[in-house]
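Scroll down for the structure; my scribbles are underneath it.
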Amino acid sequence: MLFLEPREHVAFDLSSLLSGGAGLSRQLRWLALAAHLDGEVEVDAAQRELLGRLSPGDWIEASALGTADAAALAQLLEAGLVLCDAADANPQRLVYRERDERLRSGHWFAPAAMLHRLARWQGLDAVAAMDANELHTAADLRRKLGAPPAPVLERCPAEQRIALPRTDGNEFDALLARRSTCRNFDAVRTLPQALFAHMLQRVFAAQALVKVEDDTVFLKKHTPSGGGLHATEAYLIVQRVDGVEPGLYHYHAIDHALEPLPAPQAPLHEFALRALAGQHWFADAPAMAVLTPRYARSFWKYRQHAKAYRALVLDSGHLSQTLYLSATELGLGAFVTSAINEVDIEQAFGLDALAEGPLAICGFGWRGERMTNTEFDPAGAVWGAGASPGR
Ligand SMILES: Cc1cc2nc3c(=O)[nH]c(=O)nc-3n(C[C@H](O)[C@H](O)[C@H](O)COP(=O)(O)O)c2cc1C
């Protein structure tokens, strides 16, 4: 799976400006993007042409290429863009080949594999980036980015709209109104094990099993799932739950049980903060679930399918909403974020990104008593009327 991108780099150029030009220099480079590699690779014309002549499935002897291509071939082999089956002195080539084979046999839709691969972060501090760009508040966004598109789309004049009746609603409506992203967790209070277990049971547990054959089982859960496959796993970061040792776990959805995993290299809270890309307003949550699709479970049914990855992203969104509502009903705060350092998470939980790559982190726990970090509660449904950070 290989994509070639002609990418233009535009930079300020004083000499261009002084000589009457636009003040910009433009440099075009060809970049090879491949999901089995760790980064993008710049290629020249000879390498590009050679890539276009080699079959991804039909192996040939390197000697059949002739000497004219020898230099380009050597560079492409080195970069992992051409694979060889020779028992080679360079062990990295074997790594590339194994990754490529896993990717092909995993039935990824190639553009989705590329998107998944390229969207991953490692060691990124999203909060520092916000600080550097001075993008904190809605007012900052307006100042820097101008006005956003209108909050509501209008497709006909107001007088042509058909007004609908409003209802006061019932308890469920009141629950929906109280759902709000929590950015102020109590950093000390522990979560009783019963509440923690109840949350996992509601959001991630199998409620029933359907066995087609011994090796073909489908789960019923409280949340819908594309293809009924329930491919998304919950990997847990448990910081403060009564009776549960702080650490990393995998949740077993049929047994409703925790599977302990090795501790991360960094102290747990430091790892949580890193996983959350520096978002300290979430890092005190006593329990977090890393939503991690098992791509093979989905792609078993949806092979090279254009919608399969999208359905998995949607699955995570549905799980997150179930988690928010479940937490709200139990008197807990909840959050979801997709601004996560996937690579650090994969390393800590021992995951292969193209087999089990995380998409989001959800968390839940007691709200703190003070709103230190901004929450979006304009109706005062959570913090009372007029609450603002500092109160
Ligand atoms: C997919 C998704 C990603 C989100 N990522 C972040 C995030 O990275 N950081 C954050 O503070 N909130 C994040 N949120 C929470 C939103 O900011 C929040 O839902 C929004 O401001 C509306 O507030 P409310 O949930 O309290 O109604 C995310 C929400 C969703 C659904």
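Tell me which residues come under 5 Å, amide H to amide H, from Gly368 once H is placed; ignore anything under 5 positions away on its chain.
For Gly368, whose amide H was placed from the backbone, the distant partners under 5 Å are Asn184, Phe185, Asp186.
Averaging sequence separations of C-alpha pairs under 8 Å and six or more residues apart, then dividing by the length of the chain, give the relative contact order as a whole percent.
Values: 595 pairs, mean separation 66.0, N = 391.
Relative contact order for the chain comes out at 17 percent.
Which trypsin sites (Lys or Arg not before Pro) from region 76-116 combine a DSSP loop assignment with at most 14 other Cβ atoms within 10 Å?
Numbers: sites: Arg93, Arg97, Arg99, Arg102, Arg104; in loops: none.
When the trypsin sites (Lys or Arg not before Pro) of region 76-116 are filtered for loop state and at most 14 Cβ neighbours within 10 Å, nothing remains.
Please compute the contact order of region 172-365 in relative form: average sequence separation of alpha-carbon pairs under 8 Å and at least six residues apart, divided by the residue count, as a percent. Each step should come with its number before you reach the end.
Working: 358 pairs, mean separation 53.2, N = 194.
After rounding, I find 27 percent.
If only Cα atoms are counted, what is the Rg of region 172-365, and what is its Dmax, in Å?
Radius of gyration, then largest Cα-Cα span, for region 172-365: 16.1, 47 Å.
Could you work out what % of the accessible surface of the chain is carbon and sulfur, using a 1.4 angstrom probe and leaving DNA, RNA and ligands out of the count? Don't skip to the answer; put the middle values down first.
Working: 12150 of 22090 Å².
Looking at the chain in its full context, I get 55 percent from C and S.
So who's got an amide H within less than 5 Å of the one on Phe109, skipping anything under 5 residues away but keeping other chains? H placed 1.01 Å off N, in plane.
Result for Phe109 returns Gln304, His305.
In the chain, which longest range has no GluC sites (Glu not before Pro) that are both DSSP loop (not H, G, I, E or B) and surrounded by at most 13 other Cβ atoms within 10 Å? Please list the in-between numbers first.
Working: sites that count: Glu61, Glu134, Glu154, Glu369.
Longest stretch, sites excluded: 155-368.
Work out from phi, with θ = phi - 60° and the Karplus expression 6.51 cos²θ - 1.76 cosθ + 1.60, the ³J(HN,Hα) of each residue of region 232-237, listed in order in whole Hz, and give x for Gly and Pro.
Working through the residues one at a time gives 8, 8, 10, 9, 10, 10 Hz.
How about region 259-304: which trypsin sites (Lys or Arg not before Pro) there lie in a loop by DSSP and see at most 14 other Cβ atoms within 10 Å?
Values: sites: Arg274, Arg294, Arg297, Lys301, Arg303; in loops: Arg303.
Passing both the DSSP loop test and the Cβ count: Arg303.
Name the most mobile residue of Pro151, Pro262, Pro378, meaning the one with the largest mean-square fluctuation, in a Gaussian network model of the chain with Cα contacts below 10 Å.
The residue with the greatest mean-square fluctuation here is Pro151.
At most 11 other Cβ atoms within 10 Å and a DSSP loop assignment: could you name the chymotrypsin sites (Phe, Trp or Tyr not before Pro) in region 1-83 that fit? Before the final figure, lay out the partial values.
On the way: sites: Phe3, Phe12, Trp30, Trp59; in loops: Trp59.
Within region 1-83, the qualifying chymotrypsin sites (Phe, Trp or Tyr not before Pro) (loop, at most 11 other Cβ atoms within 10 Å) are Trp59.
Dividing the Cα radius of gyration by the Kirkwood radius, what Rg/Rh value follows for the chain? Each step should come with its number before you reach the end.
Values: Rg = 25.4 Å, Rh = 24.6 Å.
Ratio value, two decimals: 1.03.
Between region 48-117 and region 209-249, how many Å separate their Cα centres?
Between the Cα centres of region 48-117 and region 209-249 lies a distance of 36 Å.
Within 10 Å, count the other beta carbons around each residue, average over each peptide in 141-148, 70-77, and list them highest first. Don't skip to the end; give the middle numbers.
Numbers: 141-148: 9.6, 70-77: 16.6.
The densest-packed peptide leads the list: 70-77, 141-148.
Counting only heavy atoms of protein chains, what accessible area per residue, in Å², does the chain have with a probe of 1.4 Å? Each step should come with its number before you reach the end.
Working: 22090 Å² over 391 residues.
Averaged over the residues of the chain, the accessible area is 56 Å².
When all protein chains stay in place, what accessible area (Å², nearest 10, 1.4 Å probe) is found for Leu314?
100 Å²
Excluding residues fewer than 8 places away in the same chain, name every one of the lysines whose C-alpha is closer than 28 Å to that of Lys221.
Lys211, Lys301, Lys307
With a 1.4 Å probe and every protein chain left in place, tell me how much accessible area Leu258 has, in Å² to the nearest 10.
It works out to around 60 Å².
Starting at the first residue of region 365-376, write each ³J(HN,Hα) from the Karplus equation 6.51 cos²θ - 1.76 cosθ + 1.60 with θ = phi - 60°, in whole Hz, x for Gly and Pro.
Per-residue couplings from phi come out as x, 5, 6, x, 7, 10, 8, 8, 9, 4, 10, 9 Hz.
Which helices count as membrane-span-like in the chain under these terms: full DSSP H, at least 20 Å along the axis by C-alpha, Kyte-Doolittle mean of 1.6 or more?
Qualifying helices, which must be both long enough and hydrophobic enough, do not occur.
The values are calculated or read from the model by the stated rules, or taken from the named source; none is laboratory data. It should be emphasised that the depicted structure is a prediction, and the values quoted were computed from it without experimental measurement. Using ideal geometry, Cβ is built from the backbone for each residue, glycine included, and neighbour counts are taken over all protein chains shown. Side chains included, ligands, DNA and RNA excluded: accessible areas come from the protein's heavy atoms. Shrake-Rupley method; radii C 1.70, N 1.55, O 1.52, S 1.80 Å.
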